[in-house]
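Working notes, structure below.
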Amino acid sequence: TQRILSGIQASGSLHLGNYLGALKKFADMQALDAERYYMIADLHAITVWQDPAQLLSQTREIAACYLAAGVDPDRSVIFPQSAVPGHVELGWLFNCVARLGWLDRMTQFKDKAGKDKERASIGLYTYPVLQAADILLYKATHVPVGEDQRQHLELTRDVAKKFNHDYKVDYFPLPETLYQGPGARIMSLRDGTAKMSKSDPSDNSRINLTDDTDTIASKIKKAKSDAEVLPSEEAGLEGRAEAKNLVGIYAALASVSVADVLSDFGGKGFGAFKPALAEVVVDKMSPISERLRALLNDPAEIDRVLRAGADKAIEVSAPVVAETKKIMGLWN
Ligand code: ATP
Ligand code: MG
């Protein structure tokens, strides 16, 4: 049977990119006959500084976003990464399998560490190894993520391959990554060449799941665009990163193709397109943000979901840790 694992870092409020690249897929995958594990990656979040009280409330908020987006705790296991000891345990074991040269090639580290990489945490550097542990701990076969995680998922497969090879076993499956479809890479509203991110200091760069109607409209109005009209053919969007992104958001949310959007808006300028886009975003996002607000009023219910999810995740993962240690010759 298929096993799906994915997660979202508890590093800030969720945005439209997280919704289209991850949350929506998590909910849609409930139609499949599979086991589903969706974590809130708080151990990944602390690779950069997090205020403790805020980290805790972000963890609950992300759990609430899962629920609001339609992830159902009866069909999916929702849990905080740090509540399941196997992530850290397998993470260490894999630190001894992964190679320094592999990590040196990771572009996300370069982006997040910035210019002064001497001051970055070691956790930020080995983060992709913990991510390999997250996935292989459940022997996951499928991992739905956004485009930006492509390189890390390759590394997960390399860890599984090297482990199986070095210990002459066929223990870990090579997980397949699922990043197809519209919305796999939503860009910043301020810069069409940077991805929309929770950790971007500019709030105007993203649409948060918690934004109200006026905020959404004003962010789209201020979104970077260009002075030209929209083309009537897709090819005309090449070299126009911002225009391409805004049209892509419209298509992904309205569940239509980019060609469909251009057949309606080709020849029109952003003065006409932006209000239409704002309407689509509000239309799709406001039911989710309404459910989210209601859920946030009931933190005890969120904690119940997380506790039950953590118990289930521990039950499934503990034997994998034990077996991995046995294969490696560790006393247990
Ligand atoms: P951070 O800036 O802290 O890394 P993030 O916005 O990149 O936050 P993550 O928690 O790292 O969010 O990623 C959660 C999921 O959302 C992953 O599957 C990731 O691929 C997806 N995702 C993140 N940003 C985008 C985006 N701009 N477009 C599509 N998917 C995205
Ligand atoms: Mg990220």
Only one of Ala69, Ala34, Ala53, Ala27 that is outside the structural domain of Asn208 (by TED's automatic domain parsing) and within 21 Å of Ser197 (Cβ to Cβ)
Ala69
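Check Lys284, Lys198 and return the single one that is closer than 17 Å to Leu23 by Cβ, buried (at least 16 other Cβ atoms within 10 Å of the Cβ), away from ligand 2 (no atom under 16 Å from the Cβ) and of a type in the set (Lys, Arg). Step through it out loud before you land on a result.
On the way: Lys198 fails: away from ligand 2 (no atom under 16 Å from the Cβ).
Criteria check complete, one pass: Lys284.
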Can Gly123 be described as touching a residue at least 40 places away in the same chain (Cβ under 8 Å), in a helix (DSSP H, G or I), more than 24 Å from Asp33 (Cα to Cα) and small (Gly, Ala, Ser)?
yes
Taking segment 163-205 and keeping only residues that are near ligand 1 (Cβ under 8 Å from one of its atoms), among the basic types (Lys, Arg) and in a loop (DSSP other than H, G, I, E, B), one is left with Arg185, Lys198
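So if I check each of Lys224, Lys219, which one is assigned to a loop (DSSP other than H, G, I, E, B), more than 25 Å from Thr156 (Cα to Cα) and free of Cβ contacts under 8 Å to residues at least 40 places away in the same chain? Can you show your working first?
Details: Lys219 fails: assigned to a loop (DSSP other than H, G, I, E, B).
Answer to the selection: Lys224.
Go through the residues of segment 31-39 one by one and say whether even a single one is surrounded by 22 or more Cβ atoms within 10 Å (Cβ to Cβ), within 13 Å of ligand 1 (Cβ to nearest atom) and outside any helix (DSSP H, G or I). Quick ask: steps written out before the conclusion?
Residues of segment 31-39 surrounded by 22 or more Cβ atoms within 10 Å (Cβ to Cβ): 36-39.
Adding the requirement that they be within 13 Å of ligand 1 (Cβ to nearest atom) leaves 38-39.
Next, from what is left, pick out any that are outside any helix (DSSP H, G or I): 38-39.
Within segment 31-39, one or more residues are surrounded by 22 or more Cβ atoms within 10 Å (Cβ to Cβ), within 13 Å of ligand 1 (Cβ to nearest atom) and outside any helix (DSSP H, G or I).
Just name the residue that is farthest from ligand 2 (Cβ to nearest atom) out of those in segment 12-30 that are under 13 Å from Asn208 (Cβ atoms) and surrounded by fewer than 22 Cβ atoms within 10 Å (Cβ to Cβ). Can you show your working first?
Step one: of segment 12-30, the residues under 13 Å from Asn208 (Cβ atoms) are 12-19, 23.
Adding the requirement that they be surrounded by fewer than 22 Cβ atoms within 10 Å (Cβ to Cβ) leaves 12-13.
Values: Gly12: 10, Ser13: 13 Å.
Result: Ser13.
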Arg157 fails exactly one of the following numbered conditions: (1) within 13 Å of ligand 1 (Cβ to nearest atom); (2) at pLDDT 95 or above; (3) under 20 Å from Phe109 (Cβ atoms). What is the number of that condition?
(1)
Taking Asp134, is it in the same structural domain as Leu20 (by TED's automatic domain parsing) and either touching a Cys at 6+ places or on another chain (Cβ under 7 Å) or surrounded by fewer than 21 Cβ atoms within 10 Å (Cβ to Cβ) (or both)?
no
I'd like to know if segment 251-267 contains one or more residues that are in contact (Cβ under 8 Å) with a residue 24 or more places away in the chain, in contact with a Gly (Cβ under 7 Å, 6 or more places away or on another chain), surrounded by 14 or more Cβ atoms within 10 Å (Cβ to Cβ) and closer than 21 Å to Gly183 by Cβ.
yes
Name the residue, out of Gly101, Gly114, Gly146, that is away from ligand 2 (no atom under 16 Å from the Cβ) and assigned by TED's automatic domain parsing to the domain that holds His15.
Gly101
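The values are calculated or read from the model by the stated rules, or taken from the named source; none is laboratory data. Predicted, not measured: the structure shown is a model, and the values here were computed from it. So basically every Cβ, Gly included, is an ideal-geometry build from the backbone, and we count neighbours across all protein chains shown.
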